[in-house]
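A.B. asks: This structure is in structure tokens; I'll ask about it shortly.
The values are calculated or read from the model by the stated rules, or taken from the named source; none is laboratory data. Here the structure is a predicted model, which means the values were calculated and not measured. A quick note on method: Cβ atoms are made from the backbone with ideal geometry, for glycine too, and the neighbour counts reach across all protein chains shown. These area figures cover heavy atoms from the full protein model, side chains too; ligands, DNA and RNA do not enter into them. Shrake-Rupley method; radii C 1.70, N 1.55, O 1.52, S 1.80 Å.
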Amino acid sequence: MAESIAISIAAKIAEYTVKPIGRWLCYSCHYNSNIENLKKQKEKLQDARESVQHSVLAASRNGEKIYSDVSKWLTNVDRITELATEKLRESEEEAGTRSSNAACLNLKQRHQLSREAKKMVGDIAELFAELHNNGNFEKVSHPTLPSEAMVMTTTDMDYMAMDSRMTAVKGIMEALGNTDIDKIGVWGMPGVGKSTLMKEIARQAREEKLFDEVVMAVVTDNPDVRRIQGKIACTLGLNFDQEFEEGRANQLKQRLSKDKKILVILDDIWKELDLQEIGIPSEGCKVVMTSRDRDVLICKMGARKEIELKILQEAEACNLIEKMAGDSFKDQPEVRAIATEIAKKCTGLPIALVTVSKALKNKRLSEWKDTLRRLKSPAPEHITEMLKTIYTPIEVSYDSLESQELKSLFLLCAQLPYFLDYRDLLKYSYGYGLCHGINTLEDARDTLDTLLRKLKDSCLLLESSEEFYMHDLVRDVAIIIASKNHNMFVMRDDGGQKAWPDVDALNRCEALSIHGEEIHEHPNKMECPKLRFFHVNCKDSRNLKISDIFFQGMDKLEVLSLRRMRLSSLFPLTNLQTLCLDGCGLGDIHWIGELKTLVILSLAYSAISNLPREIESLTRLRLLDLTRCYKLRVIAPNVLSSLVNLEELYMQGIKVQWEVEGPGNEGKNASLAELKKLSQLTTLEIDIPNANNLPANLFHEKLKRYKICIGDEIYNLVFTREAAFSRVLKLNLNMSFQLDFGIKMLLKGTEYLSLDEANRTKSRTKSVLYEVDREDFQQLKHLHIQNNGNIKHSPELGTSDVAFPTLEAFVLKNMFNLEEICQGKLPLSSFKNLKVLKVENCDKLRFIFSSSIARGLSLLEELNITRCNNIGAIFVKEEEDGIEDQGDMMLFGRLQTLLLNDLPKLVGFLSTKDSFMADCRETNSEGNHDLQLPLLHHDQVSFPSLQTLRMKGLPKIKHVWSCGQEPKTVFTGLEQLKILEISNCGVEEIVAVERGGGEVVAIRTLVFPRVSTLTFRNLPRLKWFCKGVHVSKWPMLKEMEIEGCEKVKIFASEVVSFQQTVKDQRQYEMSNIKQPLFLVDELSFPSLKMLHIREMDKLEIIWQDQVTATSFPNIQELTIFGCDKLLHVFQSNLHTTTTTLMQSLTRLDISFCSSLETIFGNMEGQNGKEPQVLIAPSSGMEESVAREDGIARHIEFPVLTQLLLYELPKLKWIFEGVHTNWESWPSLKELCLRKCGEQVNKMIWASKFASSSSSEENQLLTCIQQPMFVVEEGTFPNLEDLSLFFSGTICPSRFSDFPDPSFLLTRLPNLLKLNVYDSVCEEIFPYELVDREIRLRRLTLCRLCMVTHLWKEDNTKPCPLFHNLEYLDVSRCSKLKNIVPSSVSLHNLTGLKISDCHGLINLLTSSTAKTLVQLKRMTVIDCKRITEIVAMEDVGEANVAITFNKLRCLELRRLPNLTHFCSGPYSFGFPSLDEVIVRCCPEMKTFSHGVLSTPKLKGVSDDYMSFFSKPNLYWEDDLNTTTRCLWEKSNQYDTGLLFRERVENSEEDEDHP
């Protein structure tokens, strides 16, 4: 037994030892043969590869596609060949080593090489087998299908993924994925980029594998069916065997109807196209169509989904130009400004942008400028090839318009201002005869509506709100066409033609329009025998004088429009149809009665005082517009009633005192009753301030459009523009007004109703709403009710009829007793079209709607509930028969804006009545389950389209949202939210985690994918964003503001470390753990640019760890304000992470943090001794290095432009333990240091700061106050603005106490602005500056109580400090004796302000005054010893003339000893002076003794002109006489003595700081 066991053991030993050894020795013994075999097989493989590769290259040159298995075989061959080459090289090296040392035999290396060689031979054999199995790859390729070629080449160089395009792409791709949509229409103006976009759609559809095949064909304005069929067939690889189109269509239909999913793109459709005729089946494939005509796609091609492709935004246009012509930008920085102007002129039209950019690529600046000029003023005779490329698509669209009427309207629009008002278009088009064969304005409106719609659908006209406009380039093309082919000319000063047309052009001119700032000199008389349309719209045309005979040569004139001109008379024009004198200064217009042919008369906004009786002779008049004739008081009786053909009457904004209807009441004014006689009237706009003047049943049923205001006009903030409605009724009613039949009739058709019953409320008169039948609101779209204290609920709506079936906007404001908006149960479809709901200041209202009505608000877009003190819930759940409403989640699918402001008793968005008591004063304990729910509970309400959420003043709301307990729950439902603002609420956490289930330390993910602005303000109970372990992600957040969240101690921490902390502390209470406001990972805030943290009293840490700081990689602006417990902005453990922040930071603003000691905490090495220094190299690489020699490297803020440090009394360092020098601030432009503690005041700057090489000396240095900045040559190379606020007692005795006496200005070569406050220095600028070039532009010195001079009087050297100075402000420098000595020139100074400088006797010497050639404003205030402004230098000086050429304003205030501007006999000239302010100068008896010239001055005032007050203005002959009169007047009241006493007493202490 023992023997067998031993044999068994021996066998096993042999198995595990002898066999492996044998194999090992085998590889070594066969080393040479294995290596040689590998070499031979490698050579054979290379020969085979060369043969296959030759075939592949030939196929590629023919544009064929290589089979994937061939490409894969070649790749494997290359890999094996490379490895074999490497092993053979190692074998040769091994042999070489062995030959040099015969005793050296590396068995291990030989074994390894032999083994790998044998394996490679096997791999090569497998490749040969694959080659033979595939017939030696005799066929390596196949012809490329056109569809594949198209997709591979559709990445168009002109396409850029911009926001405007991404929106369109997203809409198209969503429609492609919708099985209910088979036809998609994309439309837009010519050149907007439809074809380019279709190529991108084809590429994405193929890449995302939405379709098996994608085909694209261009249709054009002259569709060729055979060509389209051939294009599609070629793309699909289909060969037709049929000759005729019908047979080819059947073949194509069969191919497209196969099981494969196929996308067909038909680009550039101009008219209806029969898809069946081409062979495109009605089912089985998707069709995307593009056209410049929306009507073609929708009405004729049956598109189920339409998407408008709009022009680019301005920023996108500039980016596109830079992309296409980038080299020009690099070489010539000046090009950028020109490119921006070109982008504006191209107005976002891609074809123009791309064409111009390509033409200007690598071109010089002069060519860019020339192109801009040509774009601004395109001359028909000088159209370049580049402009032809831009203009041709637009011109072709014009040529394709179906009628001459359309073309004429298009050209007429180009004659008019940029924005086209519909009413103006009606006036001009009717008078111009565009509506042939039409007699009534009502029919003309129908025709105009049709024509405008067709122009819009053709993308030749655009619409914004209620105005139409043309794209700039479309307008340019229209002007060119009009001038070349139709003798229609336009004069503009914005780059177009400015000069008047020549005589020949005027003789053939049919239309002439003048626009812009100015009109060049015009002839007294114009001979324009063919002129039919004349329009003048210039800003300064009120000053244009037109002679009486100016219009004599315009016999065929049909339309005359003059705006803002002065006109005394008008020569009789016998053919005139339309006369518009809008905004004109008109005197007596009795001559207007001679224009018998007038059909349209517009005097809107003109300064007429009465409407003369002669107008009654204009019996053909169909439209009279008196809108906003603010001076109109009189309309002669029976004038209006005589205009029997009048169809449209506009009288809004006039203040005519209408006579009251009745016998014996006839007076000088018309009565409103005259309107009853206008039987053709269809349009009426009128204000009737006094409802007592309203005749009974004034309004009749023929009125189709009206805007009527009865009572004082209601000025209110509405959500929908009133102009969007054609039937508007505003009622601001008194106590006695009763609705008559006429008004009730109007109510039935009213679209916009505004009701203000403040006067009726005071008298407790019942609301007129109780007089209204329930049918009267069937067409109402906007309802605004305000100032009513009697209505408790909307009356009589509890009926079977649907309430407000068409209402889109509902506003309730100041309804003090309103308890319910709707009483009783309403049909579920009530308010079904409501889009905007605003309720404000309705104190007794407890909820808005019941849940049944709320469920029907599927179209609601904006909900705004403000200052309703008793609202407990927005919507209340209904209970029927004791059973609570158990409906599904309430979906508000289109709600974009939700505003909840100042609702002190709100407990929930959707709640039961039991959750708050009837009076809503105290919550009911039985309803506590509702009170604990978040405001927007995820199981109750959903807002998938919400973009803006603002919550303010909701003290009872503890949570906003909730999320489930699943560990990986992603917070969804707010995919579109962009703005989130929560302020002054009782919120304890933003997201509440539901109780029960789930691991307490599992990480949840809360994602807000589109939020760009986040604000938490004054939330005293807020502790954290969400309790427990979670991570929040904000990929699009750009701006965050956290303010007044008193319980937050940590701003952000890394989630994993927090999770570990929670696990370690699970046996303890969670309350022992400090949870931050945000838990983050590396990707939480990738896009955040602005972070503002303010008034966080308990905040101790901002970024707690390295990962946390890394999650904010792109912060550009960081503001920290009022965080009293904060010791460091960046913790000492952040190390390398801080460099990421420094790389992007452009503005750092830290203020009023009373405990802050450092911006960046102590950077110690891991050994705790060597300094850990952060480096942020400009290349963007992060580095954290401790130098071996102990010498600290420098820190760099590569893009920081603003550093502001205010009121930081304990601040010692920017970087603790590390100094900064000139390398640290390469981009800094503004630096402000204000009261940053005594230590810092003592040593803000230093010229040198030596670092010790020993760690012991380093530790010693940390105990010594370091300088905040090390100043060396070239420090702050780009600093332009420096502000220094000292504590007032501790400060350098003068700036020269710095290491280099002239360091401040000489070491800041680009400093333009210097502000110094609260310093005790005696001298500001040393003599050493005389040899330096100083660029300083603005200098402000304030509260420098010891300074006696800016530049010493006895210094005869020139002072460079003031050479470039443009503004000087010196205040509260009580010991200052003079501003500058007489040797100083101030030739660039434009502003001079001196105040509270009581050591000054005079301001300037005469020599310095002569240099003030650029001075525009001089202000001297509160200088109690000053006696004159300009002092004489030599008593014998004579014939001295001083001229202040550009001085416009001189202000002298509270100067008790000022006697003269100058006491010497000098001559003073003030050619530009138009404002002089003198106040409290009791000793000033005369201005000056010499010759005085002030040609523009009209008076002396005692204060500024402001919006709220008008100062007193005095003038007597001249300035000296006026000054004398003012002095005499002031002495009458003994104001001089009183003033001196006040000044001396109030400022006595200012000499002793």
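A.B. asks: Within segment 196-216, take every residue that is surrounded by fewer than 22 Cβ atoms within 10 Å (Cβ to Cβ) and touching a Lys or Arg at 6+ places or on another chain (Cβ under 7 Å) and give me the one that is nearest to A233 (Cα to Cα).
C.D. replies: This residue is D212.
A.B. asks: Pick from I1477, I1394: which is within 26 Å of N1364 (Cβ to Cβ) and either open to solvent by 20 Å² or more (accessible area, probe 1.4 Å) or not in a helix (DSSP H, G or I) (or both)?
C.D. replies: None of the others qualify; the one that does is I1394.
A.B. asks: In segment 304-329, which residue that is of a type outside the set (V, I, T), open to solvent by less than 30 Å² (accessible area, probe 1.4 Å) and under 20 Å from T196 (Cβ atoms) is modelled with the lowest pLDDT?
C.D. replies: Among those that are of a type outside the set (V, I, T), open to solvent by less than 30 Å² (accessible area, probe 1.4 Å) and under 20 Å from T196 (Cβ atoms), it is G326.
A.B. asks: Quick test for you: out of K271, K300, K344, pick the one residue that is in contact with a Lys or Arg (Cβ under 9 Å, 6 or more places away or on another chain), within 30 Å of V396 (Cα to Cα), of a type in the set (K, R) and without any contact (Cβ under 8 Å) to a residue 40 or more places away in the chain.
C.D. replies: K300
A.B. asks: Next question, about the same structure. Restricting to segment 160-178, name every residue that is touching a Lys or Arg at 6+ places or on another chain (Cβ under 7 Å) and not small (G, A, S).
C.D. replies: M160, L176
A.B. asks: Among the residues of segment 1385-1427, which ones are within 19 Å of P1456 (Cβ to Cβ) and among the small types (G, A, S)?
C.D. replies: S1395, G1399
A.B. asks: Please indicate, with yes or no, whether at least one residue in segment 242-265 is within 30 Å of M470 (Cβ to Cβ) and either open to solvent by 70 Å² or more (accessible area, probe 1.4 Å) or not in a helix (DSSP H, G or I) (or both).
C.D. replies: Within segment 242-265, one or more residues are within 30 Å of M470 (Cβ to Cβ) and either open to solvent by 70 Å² or more (accessible area, probe 1.4 Å) or not in a helix (DSSP H, G or I) (or both).
A.B. asks: Of the residues that sit in segment 803-831 and are surrounded by fewer than 17 Cβ atoms within 10 Å (Cβ to Cβ) and either of a type in the set (V, I, T) or under 19 Å from V768 (Cβ atoms) (or both), which one is modelled with the lowest pLDDT?
C.D. replies: Q823
A.B. asks: Same structure, new question: Tell me, which residue of segment 552-598 that is open to solvent by 10 Å² or more (accessible area, probe 1.4 Å) and in contact (Cβ under 8 Å) with a residue 60 or more places away in the chain is nearest to E647 (Cα to Cα)?
C.D. replies: Q577
A.B. asks: Hey, another quick one. Between residues in segment 235-258 that are of a type in the set (F, W, Y) and residues that are open to solvent by less than 50 Å² (accessible area, probe 1.4 Å) and not in a loop (DSSP other than H, G, I, E, B), which pairs lie under 7 Å by C-beta distance while being six or more apart or on different chains?
C.D. replies: The qualifying pairs are F240/A233; F240/R248; F240/Q251.
A.B. asks: R620: open to solvent by 10 Å² or more (accessible area, probe 1.4 Å) and within 22 Å of G583 (Cα to Cα), yes or no?
C.D. replies: In short, no.
A.B. asks: Can I ask one more? Give all pairs with beta carbons closer than 6 Å in which a residue from segment 653-670 that is at pLDDT 80 or above meets a residue that is of a type in the set (K, R) and surrounded by 11 or more Cβ atoms within 10 Å (Cβ to Cβ); count only pairs at least 6 apart in sequence or on separate chains.
C.D. replies: From residues that are at pLDDT 80 or above, the pairs are G653/R628.
A.B. asks: Search segment 277-297 for residues being polar (S, T, N, Q) and either modelled with pLDDT of 90 or more or open to solvent by less than 10 Å² (accessible area, probe 1.4 Å) (or both), and hand back the single one that is nearest to D399 (Cα to Cα).
C.D. replies: Per the criteria, the residue is S291.
A.B. asks: If you don't mind, another one. Among the residues of segment 1493-1505, which ones are surrounded by fewer than 18 Cβ atoms within 10 Å (Cβ to Cβ) and in a strand (DSSP E or B)?
C.D. replies: If the condition is that a residue be surrounded by fewer than 18 Cβ atoms within 10 Å (Cβ to Cβ) and in a strand (DSSP E or B), then S1493 is the only one that fits.
A.B. asks: Right, something else. Being in a strand (DSSP E or B) and at pLDDT below 90 narrows it down to one of V192, V218, so name that one.
C.D. replies: Answer to the check: V218.
A.B. asks: Answer with yes or no whether F1468 is open to solvent by less than 10 Å² (accessible area, probe 1.4 Å), within 53 Å of the chain's Cα centre (by Cα) and under 20 Å from S1385 (Cβ atoms).
C.D. replies: yes
A.B. asks: Sticking with this structure for a sec: Go through segment 1106-1134 and count every residue that is at pLDDT 70 or above and of a type in the set (A, V, I, L, M).
C.D. replies: Residues in segment 1106-1134 being at pLDDT 70 or above and of a type in the set (A, V, I, L, M): 6 in total.
A.B. asks: Is it true that K361 is surrounded by fewer than 15 Cβ atoms within 10 Å (Cβ to Cβ), at pLDDT below 85, more than 30 Å from E402 (Cα to Cα) and over 28 Å from the mean Cα position of the chain (by Cα)?
C.D. replies: yes
A.B. asks: Among the numbered criteria (1) surrounded by fewer than 21 Cβ atoms within 10 Å (Cβ to Cβ); (2) closer than 25 Å to P393 by Cβ; (3) of a type outside the set (A, V, I, L, M), which single criterion is violated by G193?
C.D. replies: Here G193 clears every test but (1).
A.B. asks: While we're looking at this one, here's another question. Sort out which residues of segment 299-320 are assigned to a helix (DSSP H, G or I) and more than 33 Å from the chain's Cα centre (by Cα), and write them in order of number.
C.D. replies: Answer for segment 299-320, where residues must be assigned to a helix (DSSP H, G or I) and more than 33 Å from the chain's Cα centre (by Cα): C299, K300.
To keep it simple, each residue is scored yes or no on (1) of a type in the set (S, T, Y); (2) surrounded by 13 or more Cβ atoms within 10 Å (Cβ to Cβ); (3) in contact with a strand residue (DSSP E or B) (Cβ under 6 Å, 6 or more places away or on another chain).
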residue	(1), (2), (3)
K42	no, yes, no
E50	no, no, no
Q53	no, yes, no
L57	no, no, no
S60	yes, yes, no
E64	no, yes, yes
D69	no, no, no
W73	no, yes, no
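A.B. asks: Output yes when any residue across segment 97-113 is at pLDDT 70 or above, on the phi < 0 side of the Ramachandran plot, part of a loop (DSSP other than H, G, I, E, B) and surrounded by 12 or more Cβ atoms within 10 Å (Cβ to Cβ), and no when none is.
C.D. replies: No, every residue in segment 97-113 fails to be at pLDDT 70 or above, on the phi < 0 side of the Ramachandran plot, part of a loop (DSSP other than H, G, I, E, B) and surrounded by 12 or more Cβ atoms within 10 Å (Cβ to Cβ).
A.B. asks: With the checklist (1) among the polar types (S, T, N, Q); (2) open to solvent by less than 30 Å² (accessible area, probe 1.4 Å); (3) in contact with a strand residue (DSSP E or B) (Cβ under 8 Å, 6 or more places away or on another chain); (4) farther than 26 Å from M554 by Cα in hand, flag the one item S641 doesn't pass.
C.D. replies: (3)
A.B. asks: Here's another thing I want to ask about it. Checking the conditions here, which among N1445, N1439, N1457 is open to solvent by 10 Å² or more (accessible area, probe 1.4 Å) and either closer than 22 Å to K1529 by Cβ or not in a loop (DSSP other than H, G, I, E, B) (or both)?
C.D. replies: Sole residue among the options that is open to solvent by 10 Å² or more (accessible area, probe 1.4 Å) and either closer than 22 Å to K1529 by Cβ or not in a loop (DSSP other than H, G, I, E, B) (or both): N1457.
A.B. asks: Could you tell me how many of the residues in segment 330-340 are at pLDDT 75 or above and open to solvent by less than 70 Å² (accessible area, probe 1.4 Å)?
C.D. replies: 5
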